Structure formats: structure tokens, C-alpha cells
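Trainee: My questions all concern the structure below.
The values are calculated or read from the model by the stated rules, or taken from the named source; none is laboratory data. This structure is a prediction, so every number in the text was calculated from the model and none was measured. All Cβ positions, even for glycine, are placed from backbone atoms using ideal geometry, and neighbour counts span all protein chains on display. Note: accessible area is taken over every heavy atom of the protein model, side chains too, but ligands, DNA and RNA are not part of it. Shrake-Rupley method; radii C 1.70, N 1.55, O 1.52, S 1.80 Å.
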Amino acid sequence: MIFLATVGDRDIRLKMRRENGQPVVEIADHAPQLDLVQLSQSSYSLLVDGRSHHLSVRPSRDGYLVDLRRRTYHVRLRDELDLIIENLGLKDATSDHSGEVTAPIPGLITSVAVAVGAEVDAGEQLLILEAMKMENEIAAPKSGRVAVVHVSPGDAVEKGAPLVELEGCQGL
Amino acid sequence: MIKKLLIANRGEIAVRVIRSCRELDIPAVAVYSEADRSAPHVLMADEAICIGPPPSVESYLNVTNILEAARSTGADAIHPGYGFLSENAGFARSVLNTGLTWIGPGPETLEQMGDKVAARRLALEVGAPVVPGSIEPVTDLAAAEKTATEVGYPVLIKAAGGGGGKGMRVVTVADELPTAFERARSEAASAFADDRVYVEKVLGQPHHVEIQIFADSHGRVVSLGERECSIQRRYQKIIEETPSPFIAPEVREQLSALSVKIAAACHYLSAGTVEFLVDGDQNYYFLEMNTRLQVEHPITELVTGLDLVAEQLRVASGESLSFDQDDIQPRGYALECRIYAEDGFESFAPSTGNVLELSAPSGMGVRLDHGIRQGLEITPYYDPILGKLCAWGRTRPEAVRRMVRALEELRIIGVRTTVPFCMAVMNHPAFMEGNYCTSFISDYLPELVSWSEEETNHLGEAAVLGAALFAAARRPTTSDRTDSRSAKSDWVRLGRERQVSQ
């Protein structure tokens, strides 16, 4: 089976098969000698042609997070069918067109400056998100009307949590 | 001597204080918020008392509950650590009025040196130059604008009631002043319960150099040498070292002598730090005095061989300092990297989550102080410091190499930390040469965060292989095309299940 692995902005073609129940991976036309041993829930030892890597792998929303040395690699693995579907443009445009403002970092909502129905200009303060004692002003990305306010002061929010929804935004 | 010590703090500093208690055979009482029930300082202490809900105003800043915890456990002394109530004169006074011993300088000293205006006045009296800025705290925007115009932009707005980069904003042009002024006041109010701020001129290419002093109640004040703390982001230190690779020997002596004078003039007791800015021409200016144990005290301990917390407990009990100035002969070089729950490669964005894995470095010349454990949830309620990694060497290059090695050994998985960023700093030529000032991070940020060829290519491939094998281990062994969608959906489902369970 052929996969396209995307790490950073780099695409790497992988061929994967099993021999005697063991996975064999071809990367850049070379099938390195591989050995993966699980050390703990998230931590693994990987030998690649004898080179030792201590890494952590966790599934993420659309792939895997791999911690290795100084970096966290976000690896997406897509097979041929995935790529065909994407090329046909069948990936629905779920969130990109909405006026949803999400939390850029996890934190606590300390104040909300807008209410439903309010007209806001681009750059106008919507609310204050406090994370680890630093106050961060969350501003409207574009002008529009506040349709929904998902949070109130005192709420703890995760990164990416919806905060406010704007409607009637030009270009959104 | 103290019979039982309550530590009014959390995280790595609470753990640090408990360690000295153990060695001195003093029972330790931890206090904790509901968010910290299973934190290491609670696990390590002899007794632990819940002092309220997660927000610090209701727990670690809750004077009533902390004093009640001391009363109910029979503690006869309180160590405040750093941050929270450590420089709060009102709290110190309440502790003393309750008949307990306060580990730190007296309330009058806290008041005088905590009031930055009074501190500057005192510094001037003993002959220490100060940075140009507002004489009195500014309470309204007009006053802030007036001072800023007088001393000239860029200016710094600083909380009058505390430090640590909170309630602090740099303003480069007049237009930015109103917003920065409001944010700084609001942050200062929430962090220190004091919304007064003052305005100070920003110096060009400055070094942040501080002197550790120690004073007992018998009038002896000793300087334990300096720490260079110029590697900062958002005006918060991230890497410190001693001795400073920058200051001249005569400047070192002058700063030490002035710091001892300042400490004597404010009738200091216990450990304290006098902070200076030193410009590129070695002109120095008194900045402020930190009237508590500093985060970065371990590097001073590494070169002097002293346990500053144990010394604090002894002098608080009325004992004389166990050393005098002649005994202080710092040996070698020590570095500290602060481990924050922040992604150094993404503008130091805070990171929260579960510590899936923690593996500590060890070996010669390495010291790790931390307040986390595997399985601990890092919450957004408190300061993001998770711990501090220190390394000692006979020479500076040896200490730097050892630090790199120790940073490589330190694995914290589950939350993003500043470990990778600190590694990038250690490997930067300007840092290796000891040639840096407080603008180091902003000056070199692009190269510090850039990916090396090895990281992009070789390690990138290893990461891909790791992910592929991880995935393969979790899918059915058949590999024919018709089955691959369901097999693939297994991977996806697994990913979702894992996310839900986390």
C-alpha cells in the first residue's frame, strides 16, 4: 500500500507491506531495517538501520504527533484513496467559511466585551482570555454582528474552543 | 529552631523548600488548591491542607485560609516561596501577629522595597544610580503620558507592586500607551492586588545583572555574587548564569558593595536580590530589590555550595549566618534553564494538558528542580513554570555542553515546554561566546526557531517511520485494497477514542 506522509511542508512517499507479519516500510526507495519497541503508554524506541531514536507518538485529530529530539512532528498519513478524494474537492468546507472566533491558546475568560446582536468592527475587542496570568485581548477578525457568545467570564477554555460567532461578515 | 514549617506556595519552589526541611528534620506542611490535590508538593509533604478552589485569589492568595492551615497543623513558621504572597507586607505582618515566624525580611522592609519609588530613593541615598522614570506611581493616563514624553520613548510600564513580567508592557510609540497602560494596570491588579504602575525609560542593549545578598538579624550582610539574567522573553527570565560573562571584575565588586549597602540600609533579613541594568559600556543602574528567594537561586547554590533555603530557616530562627564574606569563593560556572509550559517555537504560547511522560536528566553536575510528575494535569490557573534545570562546570564551555546534554536527556511529553528552545539558545554561537544582552531572543529569534537540516530530513523521516509503524501496529494485518478503507477507519477511530479518553 502506498502512502503519502506529510511532515511540515514536506511530502514523503511510503510503501508499506507486511512480510511474515512484520511491517516493511520503503522510504525514498530504501527499506531500512526497522525495530519499534514500546516503552510506555506514549513512548517508543525506534531503531532505523541501527540508529537509535527515542520518540513519543500520539494520534492527533488528523494524523500523529511525534516528539523526537527538539521537535514535535505532525505527521499525516494519507493513502491513495484519501488523495483522490481531496483532489476531487470533496473535502467539505466545514469551518473555513464561518465567522467563528476560537481560542488561540487555552486559558480563562476574564471578561466578555460584547453581547449577542452587537455590531463589531474588525480589531474590536471581543473578550479577554487570561492564560497563566497574562491577559490576551481577543479581537474580531472582521467586522460583523455577534450571533453567538459561547463563553462567559470565569469559563476555562481549551485551545481551539469556539468563543464567539460573528455573522454578516464580509468575505467570511 | 523552627519546629514545623508551612510552605505557602506550590510547584517546584514548594518542593524545593520541602527538601531543605527534610534535611534539617523539620516537618513540612503543604497547602494546595483543589486543582493541586495530587501535585508533587502535596505528595512530598508531611501534612497537606486544602486552602480553596483553583483560582489563586481564592487559594494561594487567601490569607485567612493559609493562616488557618498553619493554626490547625501547629506550624510555627511560614515560608512564602516566590510570587503569590512572598512580597506582601500585609501577609507578613499577619503571620507575625499570629505569633508565627516569617521566613523573609520584615514587613517594613517589604513595604519599603516593594514600593519601587521608595526603593529608588533608598538606592540613590547609598550612591546607586537609578534608571530615569516616574518618581511616584502614576494613577492616570495623563500622568503616564507626561512622564513618557519627559524621559522619551520607548518606555516600560511596570507594576509598582510586583515583578516577574506581570503587569509589564513596553511602549515604543505614544499611540500604544493607552492600551498598554490599561492592560498593565489590570494585570497588576489581578497578580498583586495592587494596580499602581510606573513608567521607566528603556535603556539600549542592557544586561540584567543581579546580586544575591544574605543578611542575618545580627547585622551581618554578605554578597553571594552575581547572576546574569539577560536571556528573557516578555521581560521574564528564561536562562540565567553565574558568573556573568559580561561584567568587568571592578563592576562586579561595585555592584556587590552597593547591594550590601542597600540591604543594610533597609534592615534586610534573609535572602534577597538586588537587580541592576548594566548597559553596553558597563554603566549600571539600580532597578529594584526582590525581597524573597529568587527562582534562579540554585545557580548561586551550585557555585557557592550553600543551601540558601536552609540558611533562610536558620537566620529566621535568630541564628547568625553560617558564613561571612571571606567564605564566599564561588567556584566554576553554573547555568539555569527555566522549564515553562510554553511552546518556545510558537511565540511562547502557553500549553496545558497531561504530562504523559517525564524523564529527568541525571549524571555529573546536573540539578533538576521541578514540581510535576507523570500523569499530572497542567492547568491554566498558575504561573507556567514547571521546573528549572541547572548545570555546573569548571569552565563556562563545560557548563554549556553539560546543559545541552542534560536538556537532551530531559523528556517531558504531553505539554509543550521551553526545553527545545533552551537547547537552541545553548547551541547559538552568540550565547556560547557569552556575548548577549536582553534583546538576545528578539535579535536571534528566526535562527533560534529555524529547523536544522538534520531536523527536516533525517529526523523528519524517522518521525514518519515512527508514525507509520505506530499506525501499522494498530491496524489489521490484511493489506489488500478493498479492506484498506475499513482498516484506515480503524486508525481514525482509534485516534478519536484516544482523544476522548485523554
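Trainee: Can you work out which of the residues in the stretch B:272-287 that are part of a loop (DSSP other than H, G, I, E, B) and out of contact with any Cys (no Cβ under 8 Å at 6 or more places or on another chain) is farthest from B:Lys116 (Cα to Cα)?
Mentor: For the stretch B:272-287, the residue satisfying everything is B:Asp281.
Trainee: Separate question: So, in the stretch B:171-193, exactly how many residues are in contact with a strand residue (DSSP E or B) (Cβ under 8 Å, 6 or more places away or on another chain) and under 25 Å from B:Glu58 (Cβ atoms)?
Mentor: The total comes to 9.
Trainee: Here is a follow-up. Filter the stretch A:105-127 down to residues that are open to solvent by 50 Å² or more (accessible area, probe 1.4 Å) and assigned to a strand (DSSP E or B), then give me how many there are.
Mentor: 3
Trainee: Condition check: open to solvent by 50 Å² or more (accessible area, probe 1.4 Å) and not basic (Lys, Arg). Does B:Gln325 satisfy that?
Mentor: When the stated conditions are applied, B:Gln325 passes them.
Trainee: Does B:Ser94 satisfy the condition of being part of a helix (DSSP H, G or I), at pLDDT 95 or above and open to solvent by less than 60 Å² (accessible area, probe 1.4 Å)? Spell out the reasoning first.
Mentor: Working: part of a helix (DSSP H, G or I): yes; at pLDDT 95 or above: yes; open to solvent by less than 60 Å² (accessible area, probe 1.4 Å): yes.
When the stated conditions are applied, B:Ser94 passes them.
Trainee: When you scan the stretch B:423-435, how many residues do you find that are within 10 Å of another protein chain (Cβ to nearest Cβ) and either buried (at least 24 other Cβ atoms within 10 Å of the Cβ) or part of a helix (DSSP H, G or I) (or both)?
Mentor: Going through the stretch B:423-435, the residues within 10 Å of another protein chain (Cβ to nearest Cβ) turn out to be B:423-424, B:427.
Still in the list and also either buried (at least 24 other Cβ atoms within 10 Å of the Cβ) or part of a helix (DSSP H, G or I) (or both): B:423-424.
Of the residues in that region, 2 qualify.
Trainee: Just need a number here: residues in the stretch A:1-43 that are facing another protein chain (nearest Cβ under 8 Å) and without any contact (Cβ under 8 Å) to a residue 12 or more places away in the chain.
Mentor: Residues of the stretch A:1-43 facing another protein chain (nearest Cβ under 8 Å): A:1, A:3, A:5, A:7-8, A:10, A:12, A:14, A:16-18, A:21, A:23, A:25, A:27-28, A:32, A:34, A:36, A:40-43.
So of that shortlist, the ones also without any contact (Cβ under 8 Å) to a residue 12 or more places away in the chain come out as A:10, A:18, A:21, A:23, A:25, A:36, A:40-41.
Result for the stretch A:1-43: 8.
Trainee: Which pairs do you get when a residue that is without any contact (Cβ under 8 Å) to a residue 24 or more places away in the chain, found in the stretch B:122-145, comes within reach of a residue that is part of a helix (DSSP H, G or I) and not β-branched (Val, Ile, Thr), reach meaning Cβ atoms under 8 angstrom, with the pair 6+ apart or on two chains?
Mentor: Close Cβ pairs satisfying both conditions: B:Ile135/B:Arg120.
Trainee: The conditions are (1) within 18 Å of B:Arg196 (Cα to Cα); (2) touching a helix residue (DSSP H, G or I) at 6+ places or on another chain (Cβ under 6 Å); (3) small (Gly, Ala, Ser); (4) in a loop (DSSP other than H, G, I, E, B), and B:Ala128 fails exactly one of them. Which is it?
Mentor: Just one mismatch for B:Ala128, condition (1).
Trainee: Filter the stretch B:397-420 for residues that are part of a loop (DSSP other than H, G, I, E, B) and at the interface with chain A (Cβ under 8 Å from one of its Cβ atoms); which is most open to solvent (accessible area, probe 1.4 Å)?
Mentor: Filtering first and then ranking leaves B:Arg416.
Trainee: Can you name the condition, by its number, that B:Val199 falls short on among (1) aliphatic (A, V, I, L, M); (2) under 22 Å from the mean Cα position of the chain (by Cα); (3) surrounded by 21 or more Cβ atoms within 10 Å (Cβ to Cβ)?
Mentor: (2)
Trainee: Among the residues of the stretch B:325-348, write down those that are within 14 Å of another protein chain (Cβ to nearest Cβ) and either more than 19 Å from the chain's Cα centre (by Cα) or in contact (Cβ under 8 Å) with a residue 24 or more places away in the chain (or both).
Mentor: Hits for the stretch B:325-348 are B:Cys337, B:Arg338, B:Ile339, B:Tyr340, B:Ala341, B:Glu342, B:Asp343, B:Gly344, B:Phe345, B:Glu346, B:Phe348.
Trainee: I want to confirm something. Restricting to the stretch A:8-21 and keeping residues that are at pLDDT 90 or above and touching a helix residue (DSSP H, G or I) at 6+ places or on another chain (Cβ under 7 Å), which single residue is nearest to A:Leu65 (Cα to Cα)?
Mentor: Residue satisfying both the conditions and the ranking: A:Ile12.
Trainee: Something else: Across the stretch B:361-374, what is the total count of residues that are more than 10 Å from chain A (Cβ to nearest Cβ) and open to solvent by 20 Å² or more (accessible area, probe 1.4 Å)?
Mentor: Total satisfying the criteria: 9.
Conditions tested, residue by residue: (1) open to solvent by less than 30 Å² (accessible area, probe 1.4 Å); (2) farther than 26 Å from B:Leu356 by Cβ.
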site: A:Leu34; (1), (2): no, no
site: A:Ser40; (1), (2): no, no
site: A:Ser43; (1), (2): yes, no
site: A:Leu46; (1), (2): yes, no
site: A:Ser52; (1), (2): no, no
site: A:Tyr73; (1), (2): yes, no
site: A:Arg76; (1), (2): no, no
site: A:Leu81; (1), (2): no, yes
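Trainee: Please find, among A:Leu81, A:Leu68, the residue that is facing another protein chain (nearest Cβ under 9 Å) and modelled with pLDDT of 90 or more. Can you show your working first?
Mentor: Details: A:Leu81 fails: modelled with pLDDT of 90 or more.
From the options A:Leu81, A:Leu68, the qualifying one is A:Leu68.
Trainee: Now, a different point. Across the stretch B:152-169, what is the total count of residues that are modelled with pLDDT of 90 or more and more than 14 Å from chain A (Cβ to nearest Cβ)?
Mentor: Counting residues in the stretch B:152-169 that are modelled with pLDDT of 90 or more and more than 14 Å from chain A (Cβ to nearest Cβ) gives 4.
Trainee: Within the bounds of the stretch A:42-57, is there any residue that is modelled with pLDDT under 90 and outside the structural domain of A:Asn136 (by TED's automatic domain parsing)?
Mentor: Within the stretch A:42-57, the subset modelled with pLDDT under 90 is A:42.
Narrowing further to those that are outside the structural domain of A:Asn136 (by TED's automatic domain parsing): A:42.
Yes, there is a match, as at least one residue in the stretch A:42-57 is modelled with pLDDT under 90 and outside the structural domain of A:Asn136 (by TED's automatic domain parsing).
Trainee: Hey, can you tell me all the residues within the stretch B:288-324 that are within 15 Å of the chain's Cα centre (by Cα) and part of a loop (DSSP other than H, G, I, E, B)?
Mentor: B:Thr291, B:Arg292, B:Leu293, B:Gln294, B:Val295, B:Glu296
Trainee: Could I ask something else about it? Quick one: which of B:Leu358, B:Leu386 is assigned to a strand (DSSP E or B), within 14 Å of chain A (Cβ to nearest Cβ) and either at positive phi or open to solvent by 30 Å² or more (accessible area, probe 1.4 Å) (or both)? Let's see the steps before the verdict.
Mentor: Working: B:Leu386 fails: either at positive phi or open to solvent by 30 Å² or more (accessible area, probe 1.4 Å) (or both).
Result: B:Leu358 is the single residue among B:Leu358, B:Leu386 that is assigned to a strand (DSSP E or B), within 14 Å of chain A (Cβ to nearest Cβ) and either at positive phi or open to solvent by 30 Å² or more (accessible area, probe 1.4 Å) (or both).
Trainee: Scan the stretch B:110-124 residue by residue and report those that are open to solvent by 50 Å² or more (accessible area, probe 1.4 Å) and in contact with a helix residue (DSSP H, G or I) (Cβ under 7 Å, 6 or more places away or on another chain).
Mentor: Listed by number, the residues that qualify are B:Glu111, B:Gln112.
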